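Remarks on the structure that follows.
The values are calculated or read from the model by the stated rules, or taken from the named source; none is laboratory data. Treat the numbers as computed from the prediction; the structure is a model and nothing was measured. Here Cβ is always computed from backbone atoms with ideal geometry, including for glycine, and neighbour counts include all displayed protein chains.
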Amino acid sequence: MAPSTKELKILLLRAGNRCAFPGCDDVLVDPGPDPENPTITGQIAHIVAETLDGPRGYDPLPQEKRDDHTNLMLLCPKHHRIIDDKPQYYTVERLRQYKEDHESRVPATAVDLGLGETPEPPQSAKRFKETVYSTLLPVLAMPRYVFGLDSGFHDGEEPRISQGLSKGPPSNELCPILIRGNTLYAFNDLRKTDGPFSQIVDPSKAKRWESHSWWTDPDRQRWYVDLLNRSLNKLTGRKGLRLDKVHRRYYFQADEKGKELEIAYRPLNQKALTSRKVVWQPISKRTGLPRPRWNHLAVALRFMRLDQNHWCLSVRPEMRLTKDGIEPIESELVGRNVTRIKARMFNYDLLEEINFWRDYLSDGRPRIVLHFGPGQNLVLSTTMMSSAVEWPGIPEEYAKQFANVEYEEDLFSSAEKAALFEESEEANGDRDEEEAAEEDLDSDEDSTA
């Protein structure tokens, strides 16, 4: 098929005889030396290709819509070639935005081409008020203290120390550690004689710092973030995820080579659980045969400080590729495949990926809690950070609603919330007594001096 005369006229009218590529604006009808016989240099480009194997042809846009003026752009030859040579960069969303921005600048008094009807105003003329969700989860509470002591351990000995901790009695405490110089740092109270560290360090030598005091020092803030990220290592390890140290991401891996893995979770806009493959061998739509690779869902998690007192967790969906479900594919062979996968991930798809990870890491609860001992908790909300915006919006087929903004409290999460509050109150009471005792001790030392 080819665009109808009407669709072409609408495209030409809205394009205003100019290339729609940003910053170009070339005139596409060149009068040349003979105005009676001008040269047409403009070319009609498809945003979503006419065929599935063309540039951006994978898009779900129906075949009968691909020759509509809404899927066409008027470009100069140079930029037509550029967008089709690099479809991984010039995505459907990007080109639609180019077209919309260009057509919004064309005067409404453009030459009438005898359409018999007035085209609708471009989408950019309309404004929508919406809530836009981010890929960030807010931190509700941070561990109040950092503990440390001169241990005699050295940088790089953390794995050996962690193995020693794992031999102790079972505990729900996470025990991330950091060694800088000869000092061991942790969120756990190293002064406790019955704590997880009591068998490998001398509790009487432990010191304590307010976390806030570390945030104002560039070096110690980096150490603090390192401790936070090592806490994620502990959490994800308990959830069965592996750590890709090279790319700093966590990923699923099946128990056996060549075996797929499924996870139950709650999708967007649904209350019931469903299963999703997190390790699988994709099938070629064209041949129906398995592709020579395995896909593993992965995620990059990183703590970020927003301002003086507020932190968040960045959640970035990733993909890991292997040859057989175990052995990784060389990095230089991964880029094109992963780029192709991400190019098909539109607004709603990305939101669904973020939703999967928040659901999996929290077990479908309103909070993710990392526990380091009484009163020492890292608490994250599973409600994505959002902002109200007024903007042109996105194409209707991608403008899907998001219902599961917040997870509802149930008996278990309510009990957890109450326990966290009670624990915090008790810890604060103990801290007040400790601080008062420390002040008295300082006062006695000053008077003796």
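Residues in segment 189-210 that are surrounded by fewer than 17 Cβ atoms within 10 Å (Cβ to Cβ) and either within 22 Å of Phe303 (Cβ to Cβ) or in contact (Cβ under 8 Å) with a residue 60 or more places away in the chain (or both): Lys192, Lys207, Arg208, Trp209, Glu210.
Within segment 86-111, the set of residues being under 28 Å from the mean Cα position of the chain (by Cα) and part of a helix (DSSP H, G or I) comprises Val92, Glu93, Arg94, Leu95, Arg96, Gln97, Tyr98, Lys99, Glu100, Asp101. If I ask for residues that are in a loop (DSSP other than H, G, I, E, B) and of a type in the set (Phe, Trp, Tyr), which ones from segment 247-292 would you list? If the condition is that a residue be in a loop (DSSP other than H, G, I, E, B) and of a type in the set (Phe, Trp, Tyr), then Phe252 is the only one that fits. The set of residues in segment 287-308 that are without any contact (Cβ under 8 Å) to a residue 24 or more places away in the chain and either surrounded by 15 or more Cβ atoms within 10 Å (Cβ to Cβ) or out of contact with any strand residue (DSSP E or B) (no Cβ under 9 Å at 6 or more places or on another chain) (or both) comprises Thr287, Gly288, Asp307.
Yes or no, residue by residue, for (1) surrounded by 11 or more Cβ atoms within 10 Å (Cβ to Cβ); (2) in contact with a helix residue (DSSP H, G or I) (Cβ under 8 Å, 6 or more places away or on another chain); (3) of a type outside the set (Val, Ile, Thr); (4) in the same structural domain as His102 (by TED's automatic domain parsing):
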| position | (1), (2), (3), (4) |
| --- | --- |
| Lys9 | yes, no, yes, yes |
| Leu12 | yes, no, yes, yes |
| Gly23 | no, no, yes, yes |
| Val27 | yes, no, no, yes |
| Asp30 | yes, no, yes, yes |
| Pro33 | no, no, yes, yes |
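In segment 30-43, the qualifying residues are those that are of a type outside the set (Ser, Thr, Tyr) and at pLDDT 85 or above, and the one that is nearest to the chain's Cα centre (by Cα) is Gln43. The set of residues in segment 138-160 that are among the basic types (Lys, Arg) and either surrounded by fewer than 10 Cβ atoms within 10 Å (Cβ to Cβ) or at pLDDT below 80 (or both) contains only Arg160.
Scanning segment 26-71 for residues that are over 30 Å from Asp349 (Cα atoms) and either basic (Lys, Arg) or touching a Cys at 6+ places or on another chain (Cβ under 6 Å) (or both) yields a count of 1. Highlighted here would be strands (runs of 3 or more DSSP E) found entirely within segment 161-215 that include at least 2 residues which are at pLDDT below 85 and among the hydrophobic types (A, V, I, L, M, F, W, C), but there are none. Scanning segment 243-263 for residues that are more than 18 Å from the chain's Cα centre (by Cα), closer than 23 Å to Leu313 by Cβ and modelled with pLDDT of 90 or more turns up Gln253, Ile263.
Within segment 40-52, the set of residues being surrounded by 12 or more Cβ atoms within 10 Å (Cβ to Cβ) and either more than 15 Å from Asn71 (Cα to Cα) or in the same structural domain as Arg286 (by TED's automatic domain parsing) (or both) comprises Thr41, Gly42.
If we scan segment 207-230, do we find a residue that is touching a Leu at 6+ places or on another chain (Cβ under 9 Å) and small (Gly, Ala, Ser)? No, because not a single residue in segment 207-230 is touching a Leu at 6+ places or on another chain (Cβ under 9 Å) and small (Gly, Ala, Ser).
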